[in-house]
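Participant: Pasting a structure below so you can have a look.
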Amino acid sequence: MPPSTSSELTLSVNGEKYTLTVDHRTTLLDALRERLDLTGTKKGCDQGQCGACTVLVDGRRSVSCLQLAVAAEGREITTIEGVASGDRLHPVQQAFLDLDGFQCGYCTPGQICSAIAVIEEHAAGWPSAATGDVRPEAGPPALTPEEIRERMSGNLCRCGAYVSIVQAVARAAESEGAAA
Amino acid sequence: MREFGYRRAHDVSGAVALLDGDPDARFLGGGTNLVDLMKTGVERPALLVDVRELPLDRVEPAAGGGLRIGATVTNSDLAAHPEVRRRYPALAQAVLAGASGQLRNMATVGGNLLQRTRCGYFADVHSPCNKRAPGTGCPAVTGEHHNHAVLGASGHCVATHPSDMGVALAAFDAVVSYETADGPGEVPLADFYLPVGETPHRETALPPGALITGVTLPPVPTAANSRYRKVRERASYAFAIGSVAAALDVRDGLVHDVRLAFGAVASRPWRARAAERVLTGAPANAENFAAAADAELAAARPLPHNGYKVTLMRNLVVAVLSELAEEAAR
């Protein structure tokens with residue numbers, strides 16, 4: 001007997017459980033937008049090249065267009081709808097607002113989800129391709145504009161708001177560092 | 001996209017059994033390449049066996065002093081690992097040079113080795129392609145090939161292997177471990193990718209139905225002084241047009257040990273053994289670095305639009321080895 005091509009599964013998104021039946025071809029991106037009405041996550045290229053669909057999976061930024069929904073069962077998914085604390089915006093959201101880190105706004109949910117993870121990755125001491133010396137003895141790299149640009153390079157902005165985006169990420173990283 | 005079944009494996013033998021050698025089934029790791037190829041119709045599996053939850057997500061000391069990297073270790077975790085960064089910095093740099101933060105969080109070591117070429121004709125199911133549809137021809141030879149192979153290619157296929165990680169693994173003599181229904185096996189990375197010849201659709205030496213379980217790096221003291229340098233058409237988030245992984249040990253001005261591998265110039269990560277032979281025992285200077293590059297690149301057979309790669313690789317070798325020699329002298 002050929003294997004079933006659909007499954008009933010439970011997705012955990014922003015702390016809520018959703019049970020649904022999906023065709024295995026459904027990406028996490030399409031499940032979020034079309035089935036769960038969480039349309040904050042955007043579809044750009046649908047090929048893993050633009051970053052508009054970035055969400056956090058078990059706290060790690062991922063492109064939801066290349067993630068099958070059926071393979072996301074059992075993982076904790078956070079979308080742009082889930083990053084604020086009630087009425088209080090996430091520091092990265094606030095920094096994007098304060099510093100005009102967008103123009104049309106289409107890439108913004110992905111930019112913000114990605115930036116939240118960038119700040120955490122940097123705080124955990126992860127090097128990047130912009131890091132001169134990756135050896136642990138060299139210590140963690142400073143989060144310079146060059147480091148931010150490299151770490152955020154998976155998120156394209158068609159409006160070209162990069163200058164403000166880099167400033168917003170730097171501001172948010174500073175405010176989170178001060179809060180920690 | 002063709003409809004497909006989905007199974008999630010929880011142990012290695014279970015994963016191999018679920019796949020059951022079915023040529024229409026595929027192991028699913030991070031999916032960053034496979035899901036993309038399924039969307040475009042290049043891959044049309046009837047069954048996916050999800051291996052992301054297998055207990056192969058550790059980087060551990062290996063017997064004999066090397067490092068054992070599990071097949072489901074993500075690119076991110078590999079590049080962030082302190083022992084990788086300390087003992088094989090070029091490997092961390094190579095991984096960090098590839099893709100984006102999002103993709104590195106998803107992509108696995110096993111999947112990285114098995115990712116497919118980014119040749120545009122391979123990706124377009126409406127084009128002929130000997131790799132995707134054997135016997136249909138290779139439009140790249142007379143068409144768009146500015147980023148295609150200059151070493152080890154054939155008239156049947158001039159595609160390159162896109163991995164950055166693999167270039168560093170090739171330089172450091174990595175060995176790939178796998179599991180089949182008949183038990184475990186291993187193959188050196190040097191023999192992992194098959195020569196192109198007349199069969200570009202046959203890419204690796206893995207037995208049918210085999211699951212990659214990990215990669216073992218032997219101890220390579222020279223690798224502590226190593227570097228990965230990637231050249232691409234924009235500053236970040238692009239495939240290489242040429243890259244070099246190099247490690248250098250200089251004693252009394254002479255090359256005591258050197259490791260050199262090239263990326264984006266062949267159907268596999270290209271270990272530059274001819275260059276290594278020229279350099280070993282020779283004075284560590286720019287003139288000899290250039291002579292070593294020339295010895296390796298003598299075998300290059302560029303096409304009309306990718307001859308620049310030969311010059312590029314020569315310059316890269318000289319630049320990277322010169323930097324490493326300077327650091328070794330400090």
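Participant: Residue under question is A:Arg60, and the condition is that it be within 26 Å of A:Phe102 (Cα to Cα), within 11 Å of another protein chain (Cβ to nearest Cβ) and surrounded by fewer than 21 Cβ atoms within 10 Å (Cβ to Cβ); does it hold?
Facilitator: Criteria met by A:Arg60.
Participant: While we're on this one: Consider segment A:146-180. How many of its residues are free of Cβ contacts under 8 Å to residues at least 40 places away in the same chain and in contact with a Leu (Cβ under 8 Å, 6 or more places away or on another chain)?
Facilitator: 1
Participant: If we keep just the residues of segment A:10-25 that are within 14 Å of chain B (Cβ to nearest Cβ) and surrounded by fewer than 20 Cβ atoms within 10 Å (Cβ to Cβ), which is nearest to A:Thr78 (Cα to Cα)?
Facilitator: A:Thr10
Participant: So, one more: Out of the residues in segment B:97-122 that are touching a residue at least 60 places away in the same chain (Cβ under 8 Å), assigned to a helix (DSSP H, G or I) and farther than 22 Å from A:Ala115 by Cα, which is nearest to the other protein chains (Cβ to nearest Cβ)?
Facilitator: Taking the candidates together, the pick is B:Gly111.
Participant: Conditions: (1) touching a residue at least 40 places away in the same chain (Cβ under 8 Å); (2) within 29 Å of A:Cys159 (Cα to Cα); (3) not aliphatic (A, V, I, L, M). A:Arg33 meets all but one. Number of the miss?
Facilitator: Single failed check for A:Arg33: (1).
Participant: Still on this structure, I have one more. For segment A:151-166, which residues satisfy the criterion of being within 15 Å of the chain's Cα centre (by Cα) and either assigned to a helix (DSSP H, G or I) or surrounded by fewer than 13 Cβ atoms within 10 Å (Cβ to Cβ) (or both)?
Facilitator: Once the filter is applied, which keeps residues that are within 15 Å of the chain's Cα centre (by Cα) and either assigned to a helix (DSSP H, G or I) or surrounded by fewer than 13 Cβ atoms within 10 Å (Cβ to Cβ) (or both), segment A:151-166 yields A:Arg151, A:Ile165.
Participant: Moving to a separate point now. Kindly indicate the residue of segment B:44-88 that is under 29 Å from B:Gly21 (Cα atoms) and basic (Lys, Arg) and also farthest from the other protein chains (Cβ to nearest Cβ) among those meeting that condition.
Facilitator: Going through the qualifying residues, I end up with B:Arg68.
Participant: Quick check on segment A:125-148. Is at least one of its residues facing chain B (nearest Cβ under 8 Å), assigned to a helix (DSSP H, G or I) and under 21 Å from A:Glu81 (Cβ atoms)?
Facilitator: No, the conditions are met nowhere in segment A:125-148.
Participant: Sticking with this one: So the check is Cβ under 6 Å with 6+ separation or different chains; which pairs have a first residue in segment B:275-294 that's in contact (Cβ under 8 Å) with a residue 40 or more places away in the chain and a second one that's among the charged types (D, E, K, R)?
Facilitator: B:Ala275/B:Glu296
Participant: Could you please give the count of residues in segment A:26-54 that are among the charged types (D, E, K, R), facing chain B (nearest Cβ under 10 Å) and within 14 Å of the chain's Cα centre (by Cα)?
Facilitator: Residues in segment A:26-54 being among the charged types (D, E, K, R), facing chain B (nearest Cβ under 10 Å) and within 14 Å of the chain's Cα centre (by Cα): 0 in total.
Participant: Go through segment B:172-278 and tell me which strands (runs of 3 or more DSSP E), entirely inside it, have 1 or more residues that are modelled with pLDDT of 95 or more, under 14 Å from the mean Cα position of the chain (by Cα) and charged (D, E, K, R).
Facilitator: Output list reads B:226-231.
Participant: Okay, moving on. Against the condition in contact with a Lys or Arg (Cβ under 7 Å, 6 or more places away or on another chain), in a loop (DSSP other than H, G, I, E, B) and surrounded by 20 or more Cβ atoms within 10 Å (Cβ to Cβ), how does A:Val118 come out, does it pass?
Facilitator: Considered against the rule, which asks whether it is in contact with a Lys or Arg (Cβ under 7 Å, 6 or more places away or on another chain), in a loop (DSSP other than H, G, I, E, B) and surrounded by 20 or more Cβ atoms within 10 Å (Cβ to Cβ), A:Val118 comes out as no.
Participant: Next question, about the same structure. Condition check: in contact with a helix residue (DSSP H, G or I) (Cβ under 8 Å, 6 or more places away or on another chain), more than 23 Å from B:Arg273 (Cβ to Cβ) and surrounded by fewer than 19 Cβ atoms within 10 Å (Cβ to Cβ). Does B:Gly183 satisfy that?
Facilitator: No; evaluated as a whole, the condition is false for this residue.
Participant: Continuing with the same structure: Mind telling me which of the residues B:Leu114, B:Leu34, B:Leu47, B:Leu91 ends up being touching a Phe, Trp or Tyr at 6+ places or on another chain (Cβ under 8 Å) and surrounded by fewer than 24 Cβ atoms within 10 Å (Cβ to Cβ)?
Facilitator: Unique residue meeting the criteria: B:Leu47.
Participant: Still on this structure: Among the residues of segment A:86-115, which ones are part of a helix (DSSP H, G or I) and without any contact (Cβ under 8 Å) to a residue 12 or more places away in the chain?
Facilitator: Once the filter is applied, which keeps residues that are part of a helix (DSSP H, G or I) and without any contact (Cβ under 8 Å) to a residue 12 or more places away in the chain, segment A:86-115 yields only A:Leu97.
One line per residue, one yes/no per condition, for (1) modelled with pLDDT of 95 or more; (2) more than 10 Å from every other protein chain (Cβ to nearest Cβ):
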{"site": "A:Ala71", "(1), (2)": "yes, no"}
{"site": "A:Glu76", "(1), (2)": "yes, yes"}
{"site": "A:Ile80", "(1), (2)": "yes, yes"}
{"site": "A:Gly86", "(1), (2)": "no, yes"}
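The values are calculated or read from the model by the stated rules, or taken from the named source; none is laboratory data. Computed from a predicted structure; not experimentally measured. Cβ: placed from backbone, ideal geometry, glycine included. Neighbour counts: every protein chain shown.
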